[in-house]
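Please read the structure below before turning to the comments.
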Amino acid sequence: PHLKMLLQGFRSTGKKVGVMIKSIDRDREIPRDFYAEVPFGIELEGTYHDLARFFEMVANLPRIVNMGGMTIKVVKESRQSTRLKVTGMATTFRFLSDEA
């Protein structure tokens, strides 16, 4: 249930700031001592400022999320705006005693 709430948080955050979440794909968990890393491949699209607001809001979610391995490419460029595509990994964590 906690991970489902995280994904809903990503989607609602994206909608609030105008970022399109093109895909979120859960990868295999990586067990550690007492917790597991739960990585997600993520693909986003939006303007520079919208993406910055998205990452700021993700940082304020109740669950820890590390964003890494980001690649940024220009999707569309005009005088009015530039749309960027960001791909990378979003990693959260869970205690191994959790059921979710």
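The values are calculated or read from the model by the stated rules, or taken from the named source; none is laboratory data. What you see is a predicted model, and the numbers here were worked out from it, not measured in a lab. When we count neighbours, we look across all protein chains shown, and the Cβ atoms used for this are built from the backbone with ideal geometry, even at glycine. Ligands, DNA and RNA are stripped out before the accessible areas are found, and what is left, the full protein with its side chains, is counted by its heavy atoms. Shrake-Rupley method; radii C 1.70, N 1.55, O 1.52, S 1.80 Å.
Within the stretch 2-35, find all residues whose amide N lies under 18 Å from a label point positioned 7 Å from the Cα of MET89 along Cα-to-beta-carbon. Flagged as within label range: 23-35. Taken per residue, the accessible surface of the chain reaches 67 Å², heavy atoms only and a 1.4 Å probe. 222 nm [θ] for the chain, helices only, -39500 (n - 2.57) per DSSP H run of 4+, per residue, to 500? When only DSSP H runs of four or more count, the value is -9000 deg cm²/dmol.
Once you order the gyration tensor axes a ≥ b ≥ c over the Cα atoms, which shape class does the stretch 20-69 get: rounded for a/c under 1.5, otherwise prolate or oblate by comparing a/b with b/c? Judged from the Cα gyration tensor, the stretch 20-69 comes out oblate (a/c at least 1.5, b/c at or above a/b). Using a probe radius of 1.4 angstrom, the carbon and sulfur fraction of the accessible surface of the stretch 34-82 is 52%. Taking each residue as 0.36 nm, the span from ARG32 to ALA52 lengthens on full extension beyond its C-alpha to C-alpha distance by 4.1 nm.
Given (1) 43, 37, 21; (2) 52, 22, 17; (3) 35, 29, 20 as candidate values of Cα extents along the principal axes in Å, which corresponds to the one derived from the coordinates? Checked against the structure: label (2).
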